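Below is one structure, written out as structure tokens, with a few remarks after it.
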Amino acid sequence: MSCGLGAIILVLMLVKLDTESVSVESDRLREDLTRMEATEADLNAKITAVLQANTITSEKFDARAAELLRLKTLVDQERQNLAASGRVAHALEQVITAIEAPLDPDVIKTVPTSSENYIVGLRVEGTRIGVLVDSSASMTDELLIDVIRRKNMGSAAKQVGPKWVRTRRVVNWFLARVPQRSEIRVVAFSDKARPLGNVVRGDDATGLGRVLADLDAVVPSGPTNLAAGLAALVAFQPTDIYVITDGLPTAGNSVYRSLNPFSNCSALWGGATSISGACRVRLLRHTIGNTGLGTARVNVVLLPIEGDPQASHEFWKWTSETGGILISPAGSWP
């Protein structure tokens, strides 16, 4: 009896122990389930984010692919345009090559230099062109001390004076650009006027060459008698006049002695060895007023000289009144 009771008590104790174990295990499983559910939610969020990122990347890829296609189309069009332009250029090149251009467009050759070959605003034009070249003593140099020193030298030394060499280049520049159908008369002047060559056309290379040959023989000396130079052009009646000089005139005709404006300018008729600036201004104005050249347009190329500050203003007034221009070119021209 007592043995059976002990067995029953043992069974009850084991059942109670198993119930407690099951309760603990159940709690542990619930905790694992909760943790797994949280992990699953986190994974689902990450999967959703990845899917969204892939969608955005795919859209960008499609947009870039479309832009590349558009650019490729533009490149293909430009290639076609370039090919067409190349064909047109080749055709033009063949046409230009077939044109026979003159080997030397200038009748008179000019020596090429590194300086500019033109002056803005200065053009050689007109149906009858007169060129006056100042060949007075001051046309050899820019500084008065050099002019005075060269006066005492021989003719060869005067002809190689730097300003006179430049003056000959200026005349050469003008002759090279005379319109072919225009006529030109070139006159050198100092105390007297000296025609150079004959009246020639712009397409007469021989005649223009003779003008230059005569110019090469000129020795710069004496005073500046602009009136004598202008008088030498009266018979030619130029439509356009180009004066190459370095300052106001210093000499006039003997009849000036009786003219009231020149009563104090005895240098004009040899009564003094120097002439004042005021007398030179009056002399230029009187000369301009008595040219006898009608409506000719006057242009002046004013080369540099020391001590003649009023020259540019007076020559500017003269050229502007006739519709011409005054230029004082840089030392590198022409």
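The values are calculated or read from the model by the stated rules, or taken from the named source; none is laboratory data. These numbers were taken from a predicted model, which means no experiment stands behind them. Glycine gets a Cβ as well: all are built from the backbone with ideal geometry, and neighbour counts include every protein chain shown.
Here are the numbers for the structure shown:
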{"quantity": "All positions within the stretch 317-332 that are in a loop (DSSP other than H, G, I, E, B) and under 16 Å from T245 (Cβ atoms)", "calculated": "G324, I325, S328, P329"}
{"quantity": "Any hit, the stretch 48-57, residues being assigned to a helix (DSSP H, G or I), at pLDDT 80 or above and more than 30 Å from A330 (Cβ to Cβ)", "calculated": "yes"}
{"quantity": "Failed item in (1) of a type outside the set (D, E, K, R); (2) closer than 30 Å to N172 by Cβ; (3) modelled with pLDDT under 60, with V234 passing the rest", "calculated": "(3)"}
{"quantity": "Number of the condition not met by L175 [criteria: (1) buried (at least 16 other Cβ atoms within 10 Å of the Cβ); (2) hydrophobic (A, V, I, L, M, F, W, C); (3) in contact with a Lys or Arg (Cβ under 9 Å, 6 or more places away or on another chain)]", "calculated": "(3)"}
{"quantity": "Subset of the stretch 210-250 (residues that are outside any loop (DSSP other than H, G, I, E, B), under 21 Å from V160 (Cβ atoms) and under 32 Å from the mean Cα position of the chain (by Cα))", "calculated": "L212, I244, T245"}
{"quantity": "Matching entry among R280, R297 (being surrounded by 15 or more Cβ atoms within 10 Å (Cβ to Cβ), at pLDDT 85 or above, within 24 Å of A137 (Cα to Cα) and among the basic types (K, R))", "calculated": "R280"}
{"quantity": "Sole exception among (1) at pLDDT 90 or above; (2) polar (S, T, N, Q); (3) part of a loop (DSSP other than H, G, I, E, B) for S138, by number", "calculated": "(3)"}
{"quantity": "Among (1) at pLDDT 95 or above; (2) under 32 Å from the mean Cα position of the chain (by Cα); (3) surrounded by 16 or more Cβ atoms within 10 Å (Cβ to Cβ) - the single one P162 does not satisfy", "calculated": "(3)"}
{"quantity": "Lone unmet requirement of (1) surrounded by fewer than 16 Cβ atoms within 10 Å (Cβ to Cβ); (2) out of contact with any helix residue (DSSP H, G or I) (no Cβ under 7 Å at 6 or more places or on another chain); (3) among the basic types (K, R) for K192", "calculated": "(2)"}
{"quantity": "D204, sole failed condition from (1) modelled with pLDDT of 95 or more; (2) charged (D, E, K, R); (3) more than 19 Å from L302 (Cα to Cα)", "calculated": "(1)"}
{"quantity": "Condition broken by E93, with the remaining ones in (1) surrounded by fewer than 16 Cβ atoms within 10 Å (Cβ to Cβ); (2) modelled with pLDDT of 95 or more; (3) under 29 Å from the mean Cα position of the chain (by Cα) satisfied", "calculated": "(2)"}
{"quantity": "Number of the exception - V211 against (1) at pLDDT 95 or above; (2) within 28 Å of V281 (Cβ to Cβ)", "calculated": "(2)"}
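Condition check ((1) surrounded by fewer than 18 Cβ atoms within 10 Å (Cβ to Cβ); (2) within 22 Å of V147 (Cα to Cα)) across all residues:
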position: I288; (1), (2): no, no
position: I305; (1), (2): no, yes
position: P309; (1), (2): yes, yes
position: E321; (1), (2): yes, no
